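Some notes on the structure that comes next.
FYI, it's all coordinate maths here, none of it is from the lab. All values reported here derive from a predicted model rather than from experimental measurement. Every residue, glycine as well, gets a Cβ built from its backbone with ideal geometry; the counts of neighbours run over all protein chains shown.
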Protein chains: 2
Amino acid sequence: MIMGRRWGEGRPGGRWHGELRGCGYRVTMPRQVILQVLDEAKKHLSAEDIFIKVHQIYPAIGLTTVYRTLELLVRMGLVHKFDFGDGRARYELCDGNNEMAHHHHLICTDCGRVIDYDDFTEEETELIKKTEKELAKKYDFTVRNHTIQFYGLCKKCNALKK
Amino acid sequence: MIMGRRWGEGRPGGRWHGELRGCGYRVTMPRQVILQVLDEAKKHLSAEDIFIKVHQIYPAIGLTTVYRTLELLVRMGLVHKFDFGDGRARYELCDGNNEMAHHHHLICTDCGRVIDYDDFTEEETELIKKTEKELAKKYDFTVRNHTIQFYGLCKKCNALKK
DNA sequence: TGTGTTGCTGGGAATAATTATCAATAATAA
DNA sequence: TTATTATTGATAATTATTCCCAGCAACACA
Ligand SMILES: [Mn+2]
Ligand SMILES: [Mn+2]
Ligand SMILES: [Zn+2]
Ligand SMILES: [Zn+2]
């Protein structure tokens with residue numbers, strides 16, 4: 001007797017089968033490929049970036065579906081949506097078991113460069129956890145995630161100012 | 001002999017005379033009124049909110065000028081620009097000597113409610129300062145300010161889920 | 001206190017990201 | 001396999017923000 005294997009298991013985008021079904025959503029090709037693209041991405045992508053990458057794997061994809069799916073994944077808490085101030089949203093898979101660890105951002109207000117930053121000190125991680133707990137208690141607010149962004153001037157723009 | 005008083009001094013929007021002139025900018029009515037409105041605001045306003053309020057004081061104002069001025073003030077570091085994920089930017093006067101102290105945000109991903117949060121512990125404030133210093137050194141990045149936002153479910157939406 | 005320079009403004013048009021519509025399609029339960 | 005209905009994709013619509021440019025006004029310098 002062969003052990004049953006759930007559909008999509010082992011396939012790049014099929015890893016999230018359980019997550020989707022668990023929330024009562026259907027496991028469709030667009031959803032799988034979008035998740036696969038997000039998973040393989042090493043940096044924050046815009047909706048259009050994602051559309052282009054998905055299109056190479058699954059040409060039938062529509063831009064609307066990309067937006068719709070991203071919104072869904074954000075609601076599900078699987079994806080982070082960021083705004084770096086350039087008029088388009090960026091998306092990153094939340095740190096699960098995968099590549100991209102949770103990180104914060106340094107954003108240059110001059111040239112728009114974004115630096116990912118994830119080598120937190122023990123102290124930092126600890127304090128954030130503690131703060132979240134306190135906020136939860138004080139405001140009766142269930143914290144699901146957070147964004148921390150530092151704005152200023154990057155190395156290059158700093159030099160240019162002098 | 002009467003002590004000279006700089007133009008606009010004492011007037012609500014004239015408080016920033018020095019800031020503007022110091023950067024080589026002209027002190028115009030739109031700029032003064034926009035700053036006055038931001039100063040009197042108790043909460044984060046959208047560009048349109050600001051336009052409407054300014055319009056009551058200075059009806060000749062144009063929406064374009066509001067956007068232009070806000071961009072200028074953000075570049076000058078006098079104003080904070082936020083994105084709460086509803087498609088429109090929000091603006092708050094940076095904590096100077098004035099009303100609104102520096103604060104962070106709790107954002108409900110369900111209903112969009114935004115809670116201002118500014119009763120930091122000594123520990124929190126300290127760590128942020130320390131982190132900024134470390135980042136400055138490590139990435140050669142001049143930190144000018146930061147945003148910290150916690151996403152999750154507010155009290156009301158939490159109750160509704162059950 | 002005039003006057004010239006030029007930074008600043010306002011209205012309207014243009015742009016571009018995101019959403020809404022809706023008939024066709026395909027995932028899932030029976 | 002078949003029925004149900006969530007999901008999709010093309011297109012149109014929306015909407016925040018930016019561009020453009022002729023007229024205006026702040027202010028440096030008389
Ligand atoms: Mn990132
Ligand atoms: Mn606020
Ligand atoms: Zn830069
Ligand atoms: Zn809520």
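Please work out the Cα convex hull volume for chain A and give it in Å³ per residue.
Working: hull volume 28.8 nm³, N = 162.
Per-residue hull volume (Cα only) is 178 Å³.
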- Lone cysteines in the protein assembly as shown, going by a 4.7 Å Cβ-Cβ cut-off? A:Cys23, A:Cys94, A:Cys111, A:Cys157, B:Cys23, B:Cys94, B:Cys111, B:Cys157
- Cα-based Rg (one decimal) and Dmax (whole number) for the protein assembly as shown, in Å? 22.9, 105
- Item | Part-to-part distance (alpha-carbon centres) for segment B:115-152 and segment A:38-106, which is given in Å | 26
- Note on the structure: With one decimal in nm and the nearest listed first, the spacings from B:Glu134 to its own position in the other copies, using label points 7 Å along Cα-to-Cβ, are 1.8
- Query: How many percent of DSSP beta bridges within chain A run antiparallel, rounded to 5?
  - Reply: 75
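For segment B:102-162, what is the Kirkwood hydrodynamic radius in Å, using each pair of distinct C-alpha atoms?
Evaluated on segment B:102-162, it is 13.6 Å.
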- Residue closest to axis [chain B; rotation mapping onto A; Cβ; Å]: B:Asp83, 2
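So what is the calculated 222 nm ellipticity per residue for chain B, using -39500 (n - 2.57) for each DSSP H run with n of 4 or more, over all residues, to the nearest 500 deg cm²/dmol?
-13000 deg cm²/dmol
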- Once phi is turned into ³J(HN,Hα) by the Karplus curve 6.51 cos²θ - 1.76 cosθ + 1.60 with θ = phi - 60°, what whole-Hz value does each residue of segment B:106-112 show in order, with x for glycine and proline? 10, 10, 7, 6, 9, 10, x
- Item | Whole-number percent relative contact order across segment B:102-162, with pairs defined as alpha carbons under 8 Å at least 6 apart | 47
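Take the Cα radius of gyration of segment B:1-96 and divide it by 2.2 N^0.38 Å, with N its residue count; two decimals is plenty.
Computed over Cα atoms of segment B:1-96, the ratio equals 1.10.
Could you pull out the pairs from A:Lys133/B:Lys129; A:Lys42/A:Lys81; B:Lys42/B:Lys155; A:Lys133/B:Lys138 whose alpha carbons sit more than 24 Å apart here?
Numbers: A:Lys133/B:Lys129 21 Å; A:Lys42/A:Lys81 15 Å; B:Lys42/B:Lys155 22 Å; A:Lys133/B:Lys138 30 Å.
The answer is A:Lys133/B:Lys138.
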- Message: At 7 angstrom along the Cα-to-beta-carbon line, where would the label on A:His55 sit relative to the other copies? Give the distances in nm, shortest first.
- Response: 3.9
- Query: R0 = 41 Å: FRET efficiency of B:Lys161 with B:Met29, Cβ-based, nearest 0.05?
  - Reply: 0.25
- Say each of B:Arg75 and B:Arg144 gets a label point 7 Å from the Cα, pointing the same way as Cα to Cβ; how far apart are those two points in nm? 1.0
- Under a point spin-label approximation (7 Å from Cα along Cα-to-Cβ), what is the B:Lys130-A:Asp86 distance to one decimal in nm? 3.4
- Item | Other-copy label distances relative to A:Lys43, 7 angstrom Cα-Cβ extension, nm | 3.7
